[in-house]
1. Please enumerate the residues belonging to the range 86-110 that are more than 13 Å from the ligand (Cβ to nearest atom) and outside any strand (DSSP E or B).
2. For the list (1) surrounded by 23 or more Cβ atoms within 10 Å (Cβ to Cβ); (2) within 16 Å of the ligand (Cβ to nearest atom), I need the number of the one condition that Val39 fails.
3. Could you please find all residues in the range 124-160 being crowded, with 16+ Cβ neighbours inside 10 Å, part of a loop (DSSP other than H, G, I, E, B) and more than 16 Å from the ligand (Cβ to nearest atom)?
4. Of everything in the range 233-275, what is among the acidic types (Asp, Glu) and closer than 25 Å to Asn216 by Cα? Give them in sequence order.
5. When you go through Gly94, Gly53 one by one, which is the residue that is among the small types (Gly, Ala, Ser) and either surrounded by 22 or more Cβ atoms within 10 Å (Cβ to Cβ) or over 18 Å from Val178 (Cβ atoms) (or both)?
6. Look at the range 188-241 and say how many of its residues are aliphatic (A, V, I, L, M), within 16 Å of the ligand (Cβ to nearest atom) and over 19 Å from Val171 (Cα atoms).
7. Pairs under 6 Å by beta carbon, first residue assigned to a helix (DSSP H, G or I) in the range 279-295, partner of a type in the set (Phe, Trp, Tyr) and surrounded by 19 or more Cβ atoms within 10 Å (Cβ to Cβ), six or more apart or different chains?
Amino acid sequence: MKTVLSFLALAFLALPTTAQNQEVEIKVNKLTDHVYMLVGRGGNIGLSVGEDGAFMIDDQYAPLTPKILEAIKTVTDKPVKFLVNTHWHGDHTGGNENMSKEGTIIVAHKNVRARMSVEQFNKDWNRTTPASPKAALPVVTFSEDLTIHLNGEDIMIFHVHNAHTDGDAMVYFTQSNVLHMGDTYFQGKYPFIDLNSGGSIEGYINASKKALMLINDETIIIPGHRDQSNKKELQGYVSMLEELKASVSEAIAQGKSEEEVTNDTSLTKKYDDADYGSWFIKPNVMRRTLYRSLKDSNQE
Ligand SMILES: [Zn+2]
């Protein structure tokens, strides 16, 4: 168990070195006539371009900023006016300091600024993240939602409670019909639910349900990680989470311990067989996270 965890912690911590960065290519995927998804290393970047300027969602790691800006230049000659962070994790906010030096206004939920302002310690992963420099902090924060009117589009930014963290925001381009879900969606794979940052399985499911109420069959979804997706896939994802939540809740009700739930492969077998556990969050980590999240909520 310990080996598995340290391996995962390493994967999570795997910040790109300079040598590795030279190999990272920023791919620009055109989703609609003015909305793009940029893929490099770290969280998927959303981008809207037009006459008012560029609007960006998440910025991966600091050393990648020059490459990201170069990629943006291939689709617009306008500067990035606004940048939204979907949550505080370093693979989504690492470029903040560089971007603010470019003159970009950074926007995020108030808990993103609060967490980035002080050192964070994650006990599940035994990982300390230092406080961010002032220039990296979001300068516009909100509690529930915020709308930015740019490039002929109403861009809705809204908070979902205690899902991946306690500061998650989704961004919906209402005219283009594109939704960036941040890490409240790991397309096709088990999610990372950061319990130490206020995440919970309950909130994670509710976040997806909120997204489902907003979108239709034509909506293009940008997940925090992995491939672009759609409503049908997200519905399947919610079913997966609800089934696993029910199985683990039942095991807890039967008095099973954390160890027993973590080791009971039958609880997740259906979705392990469908390849959900083959990426960052392995089946045992998924079961343990579900146990901890549900055990906590039962005690409240
Ligand atoms: Zn994250």
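1. Selection gives Gly95, Asn96, Glu97, Asn98, Met99, Ser100, Lys101, Glu102, Gly103, Thr104, Lys110.
2. Every listed condition holds for Val39 apart from (1).
3. Those that are crowded, with 16+ Cβ neighbours inside 10 Å, part of a loop (DSSP other than H, G, I, E, B) and more than 16 Å from the ligand (Cβ to nearest atom): Leu137, Asn151.
4. Answer for the range 233-275, where residues must be among the acidic types (Asp, Glu) and closer than 25 Å to Asn216 by Cα: Glu233, Glu242, Glu243.
5. Gly94
6. Going through the range 188-241 one residue at a time, the tally reaches 3.
7. Close Cβ pairs satisfying both conditions: Met286/Tyr190.
For every residue, the table says whether it meets (1) on the phi > 0 side of the Ramachandran plot; (2) assigned to a helix (DSSP H, G or I); (3) in contact (Cβ under 8 Å) with a residue 40 or more places away in the chain.
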position: Leu38; (1), (2), (3): no, no, no
position: Gly46; (1), (2), (3): no, no, yes
position: Glu51; (1), (2), (3): no, no, yes
position: Pro63; (1), (2), (3): no, yes, yes
position: Lys67; (1), (2), (3): no, yes, yes
position: Glu70; (1), (2), (3): no, yes, yes
position: Thr76; (1), (2), (3): no, no, no
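The values are calculated or read from the model by the stated rules, or taken from the named source; none is laboratory data. It should be emphasised that the depicted structure is a prediction, and the values quoted were computed from it without experimental measurement. Methodologically, a virtual Cβ is constructed for each residue, glycine included, from the backbone with ideal geometry; neighbour enumeration extends over all protein chains shown.
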